[in-house]
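Heads up: the structure comes next, in structure tokens.
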Amino acid sequence: MRFHVLYRQGPNPPAEAVDDLARGSMDWAQQLLSSGKMETTSLFADGGGFAIFNADTPEELLQLIHSNPSSAYLRHEARPCLSAPDPSQREGAVPGLDDLRSNFGDTLNLADQIVAQRSAGGGGTPPAGGGGGTPPAGGGGGTPPAGGGGTPPAGGGGTPPSGGGGAPRRP
């Protein structure tokens, strides 16, 4: 099963460890790319990055993620990937969906519970709640203090003077 893993900066590593962590993470990614356990990886200009992993179980995915020497200093969000429907298949079929449900049902249920808890509690950053959205439905827009403010992606949006402004903040 393929997974998209989004990496965001977590706690800052000790300054003296940064070079070793960067080298170790590059070696880690190269090994996984060579083995086929990772299809691709990329860094974002404003911090963080993503990777596409191939894992047979949720446990294997977590093991792959946490084998990165920098994992203690990163936050990650993993999502299972489904293949795009093949026109030659029956109408409405989504390849991989049955496999996803049978192998990762507990993980999907846990993800649904987390989303429901975050939605009930409000606040937080998208997609958990708060911020995001498009005026007038919610989120950014407007001129401070009436609305907007903040910096994307947690809130704001748009460009001055309509709201938002500033550089994207690092989550």
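Each reported figure results from applying straightforward, stated rules to the coordinates on display, with no laboratory input. If you're wondering where the values come from, they're calculated on a predicted model, not measured in any experiment. Don't worry about glycine lacking a Cβ; one is built from the backbone with ideal geometry, like all the others, and counts go over all protein chains shown.
Among the residues making up the stretch 26-49, those that are within 17 Å of Glu77 (Cβ to Cβ), out of contact with any Gly (no Cβ under 9 Å at 6 or more places or on another chain) and crowded, with 16+ Cβ neighbours inside 10 Å are Met38, Gly48, Gly49. Apart from one condition, Ala84 fits all of (1) within 20 Å of Pro11 (Cβ to Cβ); (2) in a loop (DSSP other than H, G, I, E, B); the exception is (1).
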